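Structure first, commentary second.
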């Protein structure tokens, strides 16, 4: 009985297959004035036959069932030559295959793709409008170019580290190129479809989750191309860099909950200070903010991303050289050097030190703050490349406010006392 009702039972697989047949068949049911074609009952049968083929698992029988099913569909097509297109026939092939997949170990993929197939067939008119009227030729070409960076160039790059101190990592560098160009791409379409303010805020959030360094680089280039967007761009850049602090806390908490507790007051204070600074330093009235129309003018721009990739490569070399000669004994020195272009790696390292007992929580919090501060200096230098003081001065001021508040929080709410307090509460 457990085999019949368990999550991996054939009964569940057959049920999912019939659901796919129902969903797809509903979209292909002919209307009163339409030429006859396979409809709901036909697709339920096709899904059932496909599920039987998948359950048996014999390739010869599966091929025979497939040929027989598709043959029946083609015979029906031959009796009605007035029909145009082959969407129904292709849907029959896909339904058979996905129904068979529901009776294998890849059942979740079969069920998920079945829903996607039904959605594609159901939203025919919306897809046509989206492709023909909503997406311009330039946006389409830029989308292809952006996807080429990810799915063509990135897989072809070697995975190792090369050069002195192993500083040259082609895939790591190209990933940052993708992230920088992705800021422009994501920001363009988010502001196009979600609206000016909401799209810009969503872009900042996505940029903060992916890489604030890449986001700051991308937005700096956008401001350089559209100087009138400097103030709203500064606002969302400060917001994005404020979100970096809770992001770091989440990463640290996975490795060392103790360090996360110790750093929480200072990092929460810096986040809140950043949000306030964004509102005070860059007050953008809703009616006057034109982020969608001015900041993200191009969905894809490769040259600024490549320029940043070159700068990133040089900084990686300098970082590796400095680490080599400074050694790993000086935790603060290494934290500052490592935070120059990225704070994730040093955050995980410091968390592992605290978890293993080789570093005090207070020292690790100071190291984390130092790494974020040096990273902010690097991003400030990147922001200056926009040549728009209205943008980079506001961003620098936002950084100054955040880290001044963070330093005060470390002094007032000593991380060591926070750890002791939490330990005392847990023991009681």
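The values are calculated or read from the model by the stated rules, or taken from the named source; none is laboratory data. Because the structure is a prediction, the values reported are computed rather than measured. All Cβ positions, even for glycine, are placed from backbone atoms using ideal geometry, and neighbour counts span all protein chains on display.
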Taking the stretch 95-116 and the residues there that are touching a helix residue (DSSP H, G or I) at 6+ places or on another chain (Cβ under 8 Å) and free of Cβ contacts under 8 Å to residues at least 24 places away in the same chain, the one that is nearest to residue 75 (Cα to Cα) would be 113
Taking first residues from the stretch 367-379 that are free of Cβ contacts under 8 Å to residues at least 40 places away in the same chain and second residues anywhere that are outside any helix (DSSP H, G or I), the pairs with Cβ under 7 Å that are 6 or more apart or on different chains are 370/339; 371/339; 371/343; 374/339; 374/340
Answer with yes or no whether residue 402 is at negative phi, at pLDDT 95 or above and buried (at least 24 other Cβ atoms within 10 Å of the Cβ).
yes
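Mind checking which residues of the stretch 22-46 are under 25 Å from residue 81 (Cα atoms) and in a helix (DSSP H, G or I)? Before you say what the answer is, go through the steps one by one.
Of the stretch 22-46, the ones under 25 Å from residue 81 (Cα atoms) are 24-46.
Once the filter is applied, which keeps residues that are under 25 Å from residue 81 (Cα atoms) and in a helix (DSSP H, G or I), the stretch 22-46 yields 24, 25, 26, 27, 28, 40, 41, 42, 43, 44, 45, 46.
Could you check, for the stretch 51-62, whether at least one of its residues is in the same structural domain as residue 123 (by TED's automatic domain parsing), within 20 Å of residue 120 (Cα to Cα), surrounded by 16 or more Cβ atoms within 10 Å (Cβ to Cβ) and touching a residue at least 40 places away in the same chain (Cβ under 8 Å)?
Filtering the stretch 51-62 for residues in the same structural domain as residue 123 (by TED's automatic domain parsing) gives 51-62.
Subset that is within 20 Å of residue 120 (Cα to Cα): none.
No, the stretch 51-62 has no match at all.
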Could you tell me whether any residue of the stretch 175-186 is surrounded by fewer than 19 Cβ atoms within 10 Å (Cβ to Cβ), at pLDDT below 85 and over 25 Å from residue 249 (Cα atoms)?
no
Filter the stretch 191-219 down to the residues that are in a helix (DSSP H, G or I), surrounded by fewer than 22 Cβ atoms within 10 Å (Cβ to Cβ) and over 13 Å from the mean Cα position of the chain (by Cα) and list them by number.
192, 193, 194, 196, 197, 198, 201
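Looking at 103, 90, 117 in this structure, which one is within 33 Å of the chain's Cα centre (by Cα) and assigned to a loop (DSSP other than H, G, I, E, B)? Walk me through how you get there before you give the answer.
Values: 90 fails: assigned to a loop (DSSP other than H, G, I, E, B); 117 fails: assigned to a loop (DSSP other than H, G, I, E, B).
Only one candidate qualifies: 103.
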What is the one condition in (1) within 18 Å of the chain's Cα centre (by Cα); (2) at pLDDT 90 or above; (3) closer than 18 Å to residue 397 by Cα that residue 246 does not satisfy?
(3)
Flag if residue 260 is within 25 Å of the chain's Cα centre (by Cα), assigned to a helix (DSSP H, G or I) and either in the same structural domain as residue 359 (by TED's automatic domain parsing) or at pLDDT below 90 (or both)
yes
Matching option when the condition is without any contact (Cβ under 8 Å) to a residue 40 or more places away in the chain, touching a helix residue (DSSP H, G or I) at 6+ places or on another chain (Cβ under 8 Å) and assigned to a helix (DSSP H, G or I), among 173, 150:
150
Determine, yes or no, whether residue 162 is within 18 Å of residue 309 (Cα to Cα), assigned by TED's automatic domain parsing to the domain that holds residue 313 and in contact with a strand residue (DSSP E or B) (Cβ under 6 Å, 6 or more places away or on another chain).
yes
Mind telling me which of the residues 109, 151, 193, 168 ends up being in contact with a strand residue (DSSP E or B) (Cβ under 9 Å, 6 or more places away or on another chain) and more than 18 Å from residue 240 (Cα to Cα)?
168
